[in-house]
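Novice: Mind having a look at this structure? Questions to follow.
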Amino acid sequence: MAGLEMGANLVAQEAAMLQIEDVSKTYPGARPVLQGVSLHLDAGETLALTGESGSGKSTLLHLAGALDGFDSGEITLAGTRLSGLDDSGRAALRRGCVALVFQQFNLIPSLTVAQNLSFHARLAGRQDPAWIRDLTDRLGLGELGARYPEQLSGGQQQRVAIGRALAARPALLLADEPTGNLDETASDAVMDLMLELVRVSGTALFLVTHSERIAARLDRRAHLSGGRIA
Amino acid sequence: MIGAALQALASHWRRHPLQLGTLLAGLALATALWSAVQAINAEARASYARAASQIGGATLDVLEAPGGPMSRARYVALRRAGWQLSPVLEGRTRLGEEQVTLLGLDPLTHPPLPAFEAAMQADQATLAQMLTQGGLLLASPELVSALKDVPGLPPLRASDSVPPGMVITDIGLAERLLARPDQIDRLLILPQQPMQLTPLDQLAPDLQRRASRAGADTARLTDSFHLNLTAFGLLSFAVGLFIVHGTVGLAFEQRRAMVRTLRALGLPVWLLAALMLAELLALALVGGLLGLGLGYLVAAALLPDVAATLRGLYGAPVAGGLSLRPSWIVGGLAMALIGTLAASAQALWRMLRMPLLAAPGLQAWAQRAAQGDRRMALAGLGLIAAGIAALALIKGLIGGFALIAGLMLGAALLLPPVLAALLGLGRHLTRGPLGEWLWADTRAQLPGIGLALMALLLALAANIGVGTMVSSFRLTFTGWLDQRLVSELYLTARDDAQGAEIARWLAPRSDAVLPIRAAEFTVQGNPVTVYGVVDHPTYRDNWPLLDRTPDAWAQVNAGQGVFINEQLARRADLWPGDVVQLAPGWVLPVAGVYSDYGNPTGQAITALPALLTHARAVPNRRFGVRIVPEAVPDLIEALRAKFDLPASALIDQAGLKSRSLAVFDKTFVVTGALNLLTLGVAGFAILTSLLTLWSLRLPQLAPVWALGLTRGRLARLELARSLLLATFTALLALPLGLALAWVLLAVINVQAFGWRLPMYLFPLDWLRLFLLALLAAGLAAALPARRLYRLPPSELLKVFANAR
Amino acid sequence: MLARLVVILALALLAARPAGAQGFAGLGSTAAAEGFATPSPDTRLSFPRDHGPHPDFRIEWWYLTANLTGPDGTDYGVQWTLFRTALALGEAEGWASPQIWMGHAAATTPQHHYFAERLARGGIGQAGVHSDPFEAWIDGWQMAGEDFDSLRLTARGAEFAYDLTLSAEGPLVLQGVNGYSVKSADGQASHYYSQPHYRIEGTLTLPSGPVAVSGQGWLDREWSSQPLAADQTGWDWFSLSFDSGAHLMGFRLRGARGDFTSGTWIAPDGSATPLAPGAFQAAPLELADVAGRQIPIRWRVTLPERGLDVEVSPLNRQSWMGTRFPYWEGPVRVTGSHAGRGYLEMTGYE
């Protein structure tokens, strides 16, 4: 478990892992999605963001994951200010600091489960075979390594997605309705695994959900309504 | 209900104008190249028919003197014996800058000539003018405009009925222009003869009556050429249909949801299918019309070269102008409709069988692809085997083309499985996540882009194959010309008497005067020209023999053997050791076989004395003259001055060679142009595949982007992917192209022309083509790549949106 | 019969177009300009010289028609015609000759009408005429003999042939005044003489086989450079031989300004009397459909000064010459005040 401790140490050096200050975002030709949102997340902390459909939760998540730019305010991710970054700077940050889990799993269909699992880590240049083996075991994917995503059930696919996200030992895991496509049993199992793994690896978790039940399991929660934190 | 459904269906095209454009463009391209070839063929055939009717050669028998022209008195004597004949004097001559065939006729006795009739419709004085001193030259409009400023020519009259390169005029004027007074080359035997005639073989036993075969010959000779063009047209059509297939497939795929909704709303599936069929047919009609317009332009651009080819290769007269034929329009539209149906059948069928409620299935590409690969590989191998079997069973030109079709289609079907294997191999050799992903993802993309790659494969292979054939032919032809055209000067005298006079005059002024004398014989029902040669080192040292007996030349020079050309050897299956009967009582062993390119008919060579014993009245008008090359210009001058020979009667070796090569090069211009067009269509097929795949690609690219790749990097990878596929395809096209070249050289050429050519390899051409293929693929991929590069992140994020 | 040659040749050679009022109008006026001679009343004909061609004149013909009878009493008609027309003045050796020759031959039975046509260039020997000994020929057809009084006449078509001997039983007849025959009120004229007194024997070969025939023939010789008057569009020409031994040549030239008729009465002794314009009258009695046209097939012919009032009816209504310039030409029977046989030619019916 050497890798695991090392990861925890790395994260412990930073106080606020994610700092969102007064961020606004408007898509061209549409009403403002976010209006002066501020939020922060400490290292290793888990935060649930809830809100109605169209309240801007996914957008906020995307902005936090350096997937898209914002109009005003500032987001600081692991000490890096996102507003000053260009395309490749944002890409580097995505590779290095954050990992994403989506409702649709969004695995790479042409790669096997094993390849999907290690893809992000290898992309980030932080492949740790021992950690990946550990993850694979914990996620119960040991038998499925040679399969392709389309041959898996939804729950299995989401476990691969979580594994892919955590394999790179990101400081921050962003999850967008990760159980939205799963039934209740699968959903609980996936949540258990995810929470356990972020705890073990000391990763901060920023999770968007509309489910009170899931939100209740996280350290903290924030509610977004009409583009503002309620 | 129908109106609403139609509106819903049409809305798809409004939302995807690019897809609509691609579909129409694919249809238009397919129809265009096909109908262009058809237009060219139709025009050429019409030209043959016109020429045949113009010269009256198609139907009328002809009376000829074997030893050269006959006298006018001979003609009059036969007329006075009651025979209805019409005299023809024909010769090549130079008018201004133009080398023309001058056809001198007697308008009073000649059967009705379209050219005359048309000219007289325009002006009643035509015939009178033609017969009186001033005279009148009838020629095609092109030739008239080329000749109109030549000083000293009789008045010109344009007529569409005159074959290109030919001038028709009164025989009296032709005598003067050809400087052949009192001569007649042949007599047409008119269809209606009076009763109580004395038979011709009593009246004129020395004249030979032969059934005219000019028209039939042209048709027979050029059939292979037209079959060639048609094959090319069909190839282009197939390549174009790949585009249609891809686009229609995508459009149907994208409309699944709509179809499901419409059906859920109560629209019967058959009605829906009918509506979609109607929609397709309407699109096919529009695309077909566009294609016809485009095809007309292509044909008009290519026809002059085709005409040159046919004139050069076969002496077949073809006009350079194009006319619109209703049958062509109907045929082109029919092809567009049939092609659209064929290309859309699969998509329609799938839609008909689609269950109402099933969710859009996840792409089970891995299993499907592996299964499909196996099936395609088997089908491909089967097609190739069928092609080979076809050649073995059918033989002949059709068999050869069947082999080509089997080879090409089989190879096309083999392409995706082979590419898949190659990509799999590449993946195993690659380290690094991006590399792995690139190989794997390219592999996954194959089903979508495979058809376009097949099109590219076919286009490239055709290019390599035909290019290799043409270049091999040219190399062989050049070498052969060097061997064959040894004499420094070639001359043609007006008649036998002048020939003898010139030979006497030349004897002390040259190293050797070699008579070129020949007579027509029939071998196995086909005409064969038998040449008699004198024993001279010129022949022994240079004649290009493909196969020979050990003492071949001694045999031939003794009149105890005969050389036959390759065409005759292959057609009649005669080889050294066999004997050939040239005439009753004249049987000679075959001493050798020589190559004889550019000549469609059979030929043989033996000793001159032997020929003279077996043939009556062998003309003695043509000679090859051996002399130091420096002396040739002076000799030409002297001959011209002394014997009043026209320029066309004296040709030096260099002139003859360059003329032959010019004809050769012109011959294959069209092939080259069609080749490039096909490659262009293949490039377009790749572009359309990539564009239609676009919306399917995003969900695959977005996760990779989200995991930390810039859009620029992704775009470059997309470009690389396309180049990778093109590279593999081009590499696979090389062996296919070479196989095609071999079939063309060793099978098709033998069947079509009667000669087999050695195959040479031209790696520089391959490199050029390879780069061209990469350029085509690169250009095709550049557009979608650029689009990806510029795509706003919000578009990519839509892939992850929850509400789907 | 100057007119028919001009029109036949001009149209056959210049376009094979149907005759129109202006189609040949210009020819007469250009004749002089191109140097052709014009007929003169002062010219005295001389034989055998004038049996030969007159290349100074634009047009000329040798025109023989015969009414023949077979051994079974069947009537037949035979035509042999050689036309000469000059595209330009003079003669030249070889193809350059401007002389064009055209031959028409026909054989008519009560059921069938066979015809053939030949064209030839002068200068090469394919066709021509010599005066002494007389020979006129085109291809294998010929009319030749020691002199003009005894000739052999041959022609062969695809479905007929004939080989006949002609013996003159009377003198040549000069038409018009001393062989100067006026063709219009404007003064268009030709040189014109005839030999209406040939006795004929020989063989006519038809698809059914050879038939021995005998009868009488009429030969016309005519040359000129001037055609019809501008308004004249066609003609009806009669050459009738009566049982009495007398002959009548009469023609009607149809024109916009009215018809012009003329003719010659030839007594049994061969003495000829020119008829004054208008004395000869011919009126159609019946039209028949021939080759798609309405052609007057029966005529009433009157010559009051000779007490002549006869009906002329054809041996074969379909005696149509479907040559380059088509016309009706065939044997006729004469009944009424005078009985006899003859030939009728009609042109210009559209």
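The values are calculated or read from the model by the stated rules, or taken from the named source; none is laboratory data. As the structure is a prediction and not an experimental result, all values here were calculated from the model. Backbone-built Cβ (ideal geometry, glycine too); neighbour counts: all protein chains shown. Areas reflect the complete protein model, heavy atoms only, side chains present, ligands, DNA and RNA absent. Shrake-Rupley method; radii C 1.70, N 1.55, O 1.52, S 1.80 Å.
Novice: Please note which strands (runs of 3 or more DSSP E) are completely contained in the range C:257-308 and include at least 2 residues that are among the β-branched types (Val, Ile, Thr).
Specialist: On the way: elements: C:260-266, C:272-275, C:281-290, C:293-303.
It comes to C:260-266, C:293-303.
Novice: Now, a different point. Given the conditions (1) touching a Leu at 6+ places or on another chain (Cβ under 7 Å); (2) open to solvent by 30 Å² or more (accessible area, probe 1.4 Å); (3) under 15 Å from B:Trp505 (Cβ atoms), and given that B:Ala638 satisfies all but one, which numbered condition is not satisfied?
Specialist: Here B:Ala638 clears every test but (1).
Novice: Could you tell me which residue of the range C:123-141 is farthest from the other protein chains (Cβ to nearest Cβ), considering only residues that are over 19 Å from C:Val78 (Cα atoms) and more than 20 Å from the chain's Cα centre (by Cα)?
Specialist: So the residue we want is C:Asp132.
Novice: Further question on the same structure: Of all the strands (runs of 3 or more DSSP E) wholly in the range B:580-645, which have at least 1 residues that are under 24 Å from B:Ala497 (Cα atoms) and not assigned by TED's automatic domain parsing to the domain that holds B:Asp665?
Specialist: On the way: elements: B:586-594, B:602-607, B:622-626.
Hits in the range B:580-645: B:602-607, B:622-626.
Residues are listed down the side, and each one gets a yes or a no for (1) in a loop (DSSP other than H, G, I, E, B); (2) of a type in the set (S, T, N, Q); (3) away from chain A (no Cβ under 14 Å); (4) on the phi < 0 side of the Ramachandran plot:
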site	(1), (2), (3), (4)
B:Ser689	no, yes, yes, yes
B:Ala715	no, no, no, yes
B:Leu719	no, no, yes, yes
B:Thr727	no, yes, yes, yes
B:Gly737	no, no, yes, yes
B:Val743	no, no, yes, yes
B:Leu767	no, no, yes, yes
B:Ala773	no, no, yes, yes
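Novice: Shifting gears a bit: Look at C:Asp149 and say whether it is more than 14 Å from chain B (Cβ to nearest Cβ) and either among the charged types (D, E, K, R) or over 30 Å from B:Ala179 (Cα atoms) (or both). Can you show your working first?
Specialist: Numbers: more than 14 Å from chain B (Cβ to nearest Cβ): yes; either among the charged types (D, E, K, R) or over 30 Å from B:Ala179 (Cα atoms) (or both): yes.
Taking the combined requirement at face value, the residue satisfies it.
Novice: So, of the residues in the range B:172-201 that are in contact with a helix residue (DSSP H, G or I) (Cβ under 6 Å, 6 or more places away or on another chain) and at the interface with chain C (Cβ under 10 Å from one of its Cβ atoms), which turns out to be nearest to B:Glu64 (Cα to Cα)?
Specialist: Among residues in the range B:172-201 that are in contact with a helix residue (DSSP H, G or I) (Cβ under 6 Å, 6 or more places away or on another chain) and at the interface with chain C (Cβ under 10 Å from one of its Cβ atoms), the one nearest to B:Glu64 (Cα to Cα) is B:Asp182.
Novice: For the range B:152-207, which positions are open to solvent by 30 Å² or more (accessible area, probe 1.4 Å), of a type in the set (Lys, Arg) and either more than 13 Å from B:Pro87 (Cβ to Cβ) or assigned to a loop (DSSP other than H, G, I, E, B) (or both)?
Specialist: B:Arg157, B:Arg176
Novice: Restricting the range A:71-101 to residues that are β-branched (Val, Ile, Thr) and more than 9 Å from chain B (Cβ to nearest Cβ), which is farthest from A:Leu61 (Cα to Cα)? It would help to see each step written out before you state the result.
Specialist: At the first step, the residues of the range A:71-101 found to be β-branched (Val, Ile, Thr) are A:75-76, A:80, A:98, A:101.
Then keep just the ones that are more than 9 Å from chain B (Cβ to nearest Cβ); that gives A:75-76, A:80, A:101.
Details: A:Ile75: 11, A:Thr76: 13, A:Thr80: 16, A:Val101: 11 Å.
By that ranking, first place goes to A:Thr80.
Novice: Does C:Ala279 fit the bill of being modelled with pLDDT under 95 and open to solvent by 50 Å² or more (accessible area, probe 1.4 Å)?
Specialist: Here the answer is no, as C:Ala279 does not meet what is asked.
Novice: Here is a further query. Just the residues that are open to solvent by less than 30 Å² (accessible area, probe 1.4 Å) and in contact with a Ser or Thr (Cβ under 8 Å, 6 or more places away or on another chain), please, taken from the range C:61-76. Spell out how you get there, then give the answer.
Specialist: From the range C:61-76, those open to solvent by less than 30 Å² (accessible area, probe 1.4 Å) are C:61-68, C:70, C:76; that's our starting set.
Result: C:Trp61, C:Trp62, C:Tyr63, C:Leu64, C:Thr65, C:Asn67, C:Leu68, C:Tyr76.
Novice: Looking at A:Ala171, A:Ala165, which is the one that is open to solvent by 10 Å² or more (accessible area, probe 1.4 Å) and within 17 Å of A:Gln127 (Cα to Cα)? Don't jump to the end; show me each part of the working.
Specialist: On the way: A:Ala165 fails: open to solvent by 10 Å² or more (accessible area, probe 1.4 Å).
It is A:Ala171.
Novice: Just checking, does the range B:244-254 include any residue being closer than 19 Å to B:Leu23 by Cβ, surrounded by fewer than 18 Cβ atoms within 10 Å (Cβ to Cβ) and not hydroxyl-bearing (Ser, Thr, Tyr)? First the steps, then the outcome.
Specialist: Residues of the range B:244-254 that are closer than 19 Å to B:Leu23 by Cβ, as a first pass: B:244-254.
Keeping just the survivors that are surrounded by fewer than 18 Cβ atoms within 10 Å (Cβ to Cβ) gives B:253-254.
Among the residues that remain, those that are also not hydroxyl-bearing (Ser, Thr, Tyr) are: B:253-254.
There is at least one residue in the range B:244-254 that is closer than 19 Å to B:Leu23 by Cβ, surrounded by fewer than 18 Cβ atoms within 10 Å (Cβ to Cβ) and not hydroxyl-bearing (Ser, Thr, Tyr).
Novice: Restricting the first residue to the range B:89-103 and requiring it to be assigned by TED's automatic domain parsing to the domain that holds B:Gly165 and within 12 Å of B:Thr169 (Cα to Cα), which pairs with a second residue that is hydrophobic (A, V, I, L, M, F, W, C) and open to solvent by 40 Å² or more (accessible area, probe 1.4 Å) meet a Cβ separation below 8 Å and a spacing of at least six or different chains?
Specialist: Filtered contacts from the range B:89-103: B:Leu102/B:Leu177; B:Leu103/B:Ile55.
Novice: Please go through (1) under 24 Å from A:Gly44 (Cβ atoms); (2) among the charged types (D, E, K, R); (3) more than 17 Å from the chain's Cα centre (by Cα) for A:Glu150 and return the number of the only condition it doesn't satisfy.
Specialist: So the condition that A:Glu150 fails would be (1).
Here is a yes/no grid of residues against (1) at pLDDT below 85; (2) open to solvent by 10 Å² or more (accessible area, probe 1.4 Å):
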position	(1), (2)
B:Arg79	no, no
B:Gly82	no, no
B:Leu85	no, no
B:Thr101	yes, yes
B:Leu108	no, no
B:Ala115	yes, no
B:Ala118	yes, yes
B:Gln129	yes, yes
B:Leu138	no, no
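Novice: Would you mind telling me which numbered condition in (1) at pLDDT below 90; (2) open to solvent by 20 Å² or more (accessible area, probe 1.4 Å); (3) of a type in the set (A, V, I, L, M, F, W, C) C:Leu253 fails?
Specialist: (2)
Novice: Restricting attention to the range C:309-323, which residues are open to solvent by 10 Å² or more (accessible area, probe 1.4 Å) and either on the phi > 0 side of the Ramachandran plot or outside any loop (DSSP other than H, G, I, E, B) (or both)?
Specialist: C:Asp309, C:Glu311, C:Ser313, C:Pro314, C:Trp320
Novice: Could you go through the range C:103-115 and let me know if any residue there is within 9 Å of chain B (Cβ to nearest Cβ), within 17 Å of the chain's Cα centre (by Cα), open to solvent by less than 10 Å² (accessible area, probe 1.4 Å) and among the aliphatic types (A, V, I, L, M). Quick ask: steps written out before the conclusion?
Specialist: To start, the set of residues in the range C:103-115 that are within 9 Å of chain B (Cβ to nearest Cβ) comprises none.
No, there is no match, as no residue in the range C:103-115 is within 9 Å of chain B (Cβ to nearest Cβ), within 17 Å of the chain's Cα centre (by Cα), open to solvent by less than 10 Å² (accessible area, probe 1.4 Å) and among the aliphatic types (A, V, I, L, M).
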